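Take a look at the structure set out below.
Read-outs: derived from the displayed coordinates by stated rules, not from any lab. This is a predicted model, so every value here is computed, not measured. Please note: Cβ atoms are built from the backbone with ideal geometry, for glycine as well, and neighbour counts cover all protein chains shown.
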Ligand code: NAI
């Protein structure tokens, strides 16, 4: 039987609870994984004196695939984001977020099925900011967008669309104002689109895109955006289908991939058996798909969808009155997986 080595980072807050749920579900799906535990975030800072210890980098480098719980980032001060550093260290240029409606989750739309690819390494996230006067009452931030980086994210998105039978790609930009940076991004999109004549390609200015997504998200299949806009759009889209508790994600590069939920550490419910494990479980399913275990990935996705649609064994973010705990929801998902064998 094939086996895989995966780096498992429990993370902070609800991270240990939801990563533990995901490991159990992957095991129940019959996939043989040797988990290499590593620390990051507040937990790592406390234990090892660094939010991203070298030993963690080494473990990811060896495994090339990681499943990661959320990690805490202090706002405005303290250490910088572990996630941003991981993306840079491993060249994880594509942030992949599928957005899907779930029957049984109260939301604005019941039939959304789209994917967002956000460029993950460039734009304002290069962290080049400075005050422009001594009184620190004005500051400037630089955004770097390159033709190579833009081309790479479009190539990734088009390849994905072709593999999964998606017919339409929409690029999002603000090239009417940011004529150089977003102009470069748009040119790359057009050039890559020409090599995929079977996929319909168009572009939208970001403000119009926000309105279109809120009014009629079903007109979109695959969305490609520069880093900053992509960050905003992916949370907007998560909101269309019922929020962050169900949104999985992946950061993908040429030599490594890290799978994690979109949500954060949820300190308000940490350690209380209240966290919805679905987003991390669905991230683990994306990981299995990436590893070539498509059948197990689909089985997990279907099990999560069934448990959610039945509405009995779901956490309180979905069923406020009669919700259950993380452990019970995980057990229900595992029962469904076993039932499908
Ligand atoms: P958050 O996503 O942790 O929480 C926002 C709200 O959603 C809270 O009310 C929380 O209880 C709820 N929530 C989140 N995940 C849930 C789940 N699985 N089940 C049920 N309810 C859930 O966002 P917040 O409060 O902005 O961030 C908290 C910390 O997480 C910060 O330190 C932030 O930097 C970090 N963070 C880490 C991320 C990562 O490592 N990928 C991503 C986003 C935030």
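Restricted to region 267-287, and to residues that are crowded, with 24+ Cβ neighbours inside 10 Å and in a loop (DSSP other than H, G, I, E, B), which residue is farthest from the ligand (Cβ to nearest atom)?
Filtering first and then ranking leaves 277.
Can you name the number of the only condition in (1) surrounded by fewer than 24 Cβ atoms within 10 Å (Cβ to Cβ); (2) over 13 Å from the mean Cα position of the chain (by Cα) that residue 264 fails?
So residue 264 meets the others, but not (2).
Need at least 2 residues that are within 30 Å of residue 225 (Cα to Cα) per element, so show me which strands (runs of 3 or more DSSP E) inside region 1-111 make the cut, counting only ones lying wholly within it.
3-9, 65-68, 94-100
Taking residue 301, is it over 17 Å from residue 17 (Cα atoms), free of Cβ contacts under 8 Å to residues at least 24 places away in the same chain and part of a helix (DSSP H, G or I)?
Numbers: over 17 Å from residue 17 (Cα atoms): yes; free of Cβ contacts under 8 Å to residues at least 24 places away in the same chain: yes; part of a helix (DSSP H, G or I): yes.
Criteria met by residue 301.
Name the pairs whose Cβ atoms lie under 7 Å apart, with the first residue in region 260-274 and touching a residue at least 12 places away in the same chain (Cβ under 8 Å) and over 26 Å from residue 96 (Cβ atoms), the second within 7 Å of the ligand (Cβ to nearest atom) and not in a loop (DSSP other than H, G, I, E, B), and 6 or more positions between them or separate chains?
What qualifies is 274/315.
Restricting attention to region 244-251, does a residue exist that is away from the ligand (no atom under 16 Å from the Cβ), closer than 27 Å to residue 149 by Cα, touching a residue at least 60 places away in the same chain (Cβ under 8 Å) and out of contact with any strand residue (DSSP E or B) (no Cβ under 6 Å at 6 or more places or on another chain)?
no
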